[in-house]
Every structure is written in structure tokens, then in C-alpha cells.
1. Filter region 225-259 down to the residues that are more than 27 Å from GLY198 (Cα to Cα) and of a type in the set (Val, Ile, Thr) and list them by number.
2. For region 264-284, check the following and say yes or no: at least one residue is buried (at least 21 other Cβ atoms within 10 Å of the Cβ) and over 30 Å from GLU136 (Cβ atoms).
3. Could you check region 500-517 and list, in sequence order, the residues that are open to solvent by 40 Å² or more (accessible area, probe 1.4 Å) and not β-branched (Val, Ile, Thr)?
4. Using beta carbons and a limit of 8 Å, which pairs, at least six apart or on different chains, have the first residue in region 237-262 and within 19 Å of PRO181 (Cα to Cα) and the second one basic (Lys, Arg) and open to solvent by less than 30 Å² (accessible area, probe 1.4 Å)?
5. List every residue pair whose Cβ atoms lie under 7 Å apart, where the two residues are 6 or more positions apart in sequence or sit on different chains, the first residue falls within region 305-333 and is among the acidic types (Asp, Glu), and the second residue, located anywhere, is open to solvent by less than 30 Å² (accessible area, probe 1.4 Å) and modelled with pLDDT of 90 or more.
6. When you go through ILE308, ILE388, ILE361 one by one, which is the residue that is surrounded by 14 or more Cβ atoms within 10 Å (Cβ to Cβ) and more than 20 Å from LEU43 (Cα to Cα)?
7. Which members of region 39-55 meet the condition of being open to solvent by less than 60 Å² (accessible area, probe 1.4 Å) and either outside any helix (DSSP H, G or I) or of a type in the set (Val, Ile, Thr) (or both)?
8. Given the criterion surrounded by fewer than 21 Cβ atoms within 10 Å (Cβ to Cβ) and under 27 Å from ILE314 (Cβ atoms), identify the matching residue among SER202, SER186.
Amino acid sequence: MSVAATTSPAVGTLYVSPSPRSRGMPRVTMALRSNVVSVGSILTKLQQDCATPLPIIRHVADSMTADMRAGLAVDGGSNLKMILSYVDSLPSGNEKGLFYALDLGGTNFRALRVQLGGKEERVVATEFEQLSIPQELMFGTSEELFDFIASTLAGFAEKESEKFHLPHGRQREIGFTFSFPVKQTSIDAGILMKWTKGFAVSGTAGRDVVACLNEAMERQGVDMRVSALVNDTVGTLAGARYWDDDVMVAVILGTGTNACYVERTDCIPKLQGPKSSSGRTIINTEWGAFSDGIPLTVFDRDMDAASINPGEQIFEKTISGMYLGEIARRALVTMAGEGSLFGRAVPNKLSTPFALRTPDICAMQQDNSDDLQAVGSILHNVAGIRFILLQNRQGKTRLAKYYVPLEDSEKHKVEYEVHRLVVNRDPKFTNFVEFRTHKVIYRRYAGLFFALCVDITDNELAYLECIHLFVEILDHFFSNVCELDLVFNFHKVYLILDEFILAGELQETSKRAIIERMGELEKLDCYFFTHFAQASSHLVTLQILDRNCFFYPSFSIASVSHSAFMECQRFRSLKLWQLPNSARENEEVMGR
């Protein structure tokens, strides 16, 4: 028997210590994240709650088997509907002709046409079109949803190419794949029992969905006839059977989840009337509604309670694409709030339900890179500032902090475009403007422009206040800050920014707290150079760390002397025209 299936950086601390450790020299430790143990305990608890040892799996399997038998005995006998599909025969491979198909399976809607040529030619040609269901239609009326489907189908039919041939005098036939619980009354009629997968369309439950589609096609002038209504699992089984005669089961793992299988008619007590000549029929289990014995975490329960159908579709909510991203988001929010996963604050956008989608989780899980670039990019897109720029009127970039991974050429392009956008903007206009698919929020101070790029839905006034607070911190630290302060002390500016904003999210709003931390870093800086300059018998490696550009130029001093230490100090006080222009020049200067 065959089965057909359809699927749609570590946290730690920075430790600085000479080796060997000098007597009397204290250990210097800088914590980048706090409450690491708390995050670990949350993950451990989640892993325990999700565990499925063999006894639990056996219990779930036995419970599902019992529910299937009860559902076959009588309608409403269990949570599993065990719906009769009225599909008593499956494709043999001899089918020929032009056929259309519609698939309403969740958040996506597909229209397809196929030219079949029998066993010799099989599939001659195919064309399809896919659209996302607008969010408002998922909560609109029946007429609005089916009119959208019919109008899409009309436009698709008009694009029919010469590769497709319809025999003269025949009307185009269409198969309607409707992936929601339907009580089917015949091969081309079915009553919608309820909406699932996040849909809440009014005026459809209790009606024949084929009649709804036919009425919409008539309103849109589409000359087609629905010849079959099938569930997506039944369609998957039929499609696989076209190629493989041994297929008996089909499973859907997409926006929702479901399964169907071929059952003997004499095993279906609720089947009344004449039996099929084949002695078999396809049963649509609707197993998304199963719930008995499934291990649930606190995040599963919270999401279910906040859903539009609490207590229903439990199996579907634990494994399907509609909900997996939301479960992960809720876990991240808990770790951010209780374990300071993203610093001292929970990212605002991450607090938005369904902000993290299952495709995002899949892409993150598949990221095997050393720096987890895909993970960082997705999290930055979901939560936080994309980049911060500080530029003067001439277009010189004095500060650039990117929270999304971009190539150097793209960074230069972004800086050029943002500069042109904000410098040439009329002062009478607002301080926020659309930039590509996001928006830039900026403020001008003397000859400098401070700009942030954020999501199009973010609060503009809040980020304007963030810019002003950052400027106030700089002004206090440098005592009446000017552009040259930013040029000569760029490393301190980046440190201040990291204390203020980390990973694209606001971390600290207290100006006093940030200034005090910078004072401690100043003391650490002096201590670092003074004590290492006194060493005369071992190799010392100093690193100038620029966390913003991810660039770590390093130099070594063997047998450090007073003159070598003074050379280091001289480098720290270079004039503007003596500053190196690249990382390579940095290393050359520091090597000397």
C-alpha cells in the first residue's frame, strides 16, 4: 500500500582576561544577556511537554482508531466526521480531454487546467494560477468570497492557450476541491458543516457550496459546469492514483491537515442505500478535529483559547501550517518576557498574533550557516528596526547600523537612496516617508540627519521620540555634541547605540542608566590599556571591536614597552584626515 502526501547565535557572555592571568588583576566580564538559565528552563519545560514516548503514541493511535470506527457507525458518533465522499472509482490513466480544477484549500486559491492524453501521453499540458485569499474575504460574506473565486476563474479561462483543445459542442467541466468539512450528498453537491483554518465567512454554513459557486459563476458570466466536488485529500489521492495503482491513503499537511483512505463499503454501517459496484469508497476522515490524548503545551492551550474556534480542531492546531508559527511566536514572547531573550524589552511586533509565520519557522530551521544569517534576517523582519543611518547634508554617512543582513553594494545603495529621500524633502512635510516596502522616519539636527527604517505599520511618533532621546544621550555624553565628536569617537557612538538599541529593538529608555554604563566602559578602557602596557614578557592581543560592522581588526604587541603603549595612544588620537579608510588600512596602521 502506498501513501500520498501533500505539504505546503547562541546566547552567552564575553569574557576578557589575559593569559596567563596576572596576580591581583580582577576578571572582567561583560554580560550580553541576562537570565540565561530562565530561557533554558522554559525550553526544557517545552521539550518535556512536547514529548511523545511510545506509550503516548500508542494511546493516541488507539483513540483515533476508536473514533474512526465510531464515526463510520453513525453521523456524529465521534469528533472524526468520517465523511462519505461518493467517489467510488479512481483514475485509471486512460482519461483524455481538457479539464479545469479549482482548489480552495486555505489561505491560497488555485485555478488549474490540464490536457490529458491517456496512458500513452499522460499529461499533455498544464497551466495554473495561484492567488492569496485577501484577509477581509476570510471574514466577509459568502457572495464576496465566491464572486472573487468566479472572477479569478473567468480571467484564467480567457488566457487558455492553443495547447488546450475542447471537443466541439462540449461544455468545460470543472472539479471543485473544497478543503473544509462538507457533508457530501452526491458527487457534485455538499453542505458546508463549518469553516476551519481561520475562515469565518458568513452565510455559507448549511448551504451547498457547489450551488454557491454556480451562482457566482453565473453572475460573472463563466460558462462552466461543476462535475465533481472533492476534498483536497480526495483530490490528492486521485492525483496519485493516476500514476500509481497501489495508492490507498492521502495525507494533507498544509495550512490545515486532513487524511482520507479507501474503505470497504461493508465496513461502513452508516452507509445507506445501494452500495457501489466496486465495493469500495473513499472516506474523508477530517482528522484535524481529533483531540483525545494529544500532548499539549501551555502555548497550545493559550493559542486555542485565543482562536476563533476554542476547543475545536485540536490536532490541526498542533501540527498544521496555520498555527505552528504562532505557537513558536508565543514561546519566543514568553522567553523574551521571562528570560530576556532579546534584551530588556519584548519586541512590539513580536507581540502581534501570527506575526511569525510557519514558512518563517521552516526557513529558520533549515539555516545551517555558522552565523545563522537566515534566522537573524527573519527575526529582524518580524520584530524591530531594519537600519539606522546618520548622514550629513553632503551625503557622508557618519553612522550606519544594519539589523538585517545586506551586501556591501546594497548598503551603499540604501544610504544613497535614503540621503536623497530625506535631504531633498520639503521641511513642511512630515518626518516619515515610504521607502520601498517599509518607511523611513527621520529628524534633522543642525547639518545631520538621523534616519530609521521600520515596518510600514510601526508607530512613527514613538520612533521620532527614540531619535530625539538618542541625540540627547550623545549631547550629554560628549558635552554639546557636534559632527566631529561622532567622527573622532565613532567607536563610542556605536557603544552608546548598542546600549540604547539592540537587535533592532529599544532596550533602555533611561538616559542616566546609559551614561552610567558608558562611564564604566571608559574606566574599563583605561584599565585595559594601562595594565597591559605594563606587561613585558608575554604576547598580548588587543582587539578594537566594532559590533556594528561585524569587523574585528586586531594587532599584536610583543614585549610591550612604554613606547609601544604611546604608539597605541597616538593611534587613538589621529586627526580626521589621518583616519584609515578601510579595515585593511586599520590593520596596517595598528600593525605598525
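The values are calculated or read from the model by the stated rules, or taken from the named source; none is laboratory data. Source: prediction; values computed, not measured. Because the Cβ atoms are built from the backbone with ideal geometry, glycine has one as well, and the counts that use them run over all protein chains shown. Note: accessible area is taken over every heavy atom of the protein model, side chains too, but ligands, DNA and RNA are not part of it. Shrake-Rupley method; radii C 1.70, N 1.55, O 1.52, S 1.80 Å.
1. VAL247
2. Checked region 264-284: at least one residue is buried (at least 21 other Cβ atoms within 10 Å of the Cβ) and over 30 Å from GLU136 (Cβ atoms).
3. Within region 500-517, LEU502, LEU506, SER510, LYS511, ARG512, GLU516, ARG517 qualify.
4. From region 237-262, the pairs are THR255/LYS197; GLY256/LYS197.
5. These pairs meet every condition: GLU312/ALA289; GLU316/THR257; GLU316/GLY288; GLU326/MET303.
6. Checking each option against the conditions leaves just ILE388.
7. VAL39, ILE42, ALA51
8. SER202
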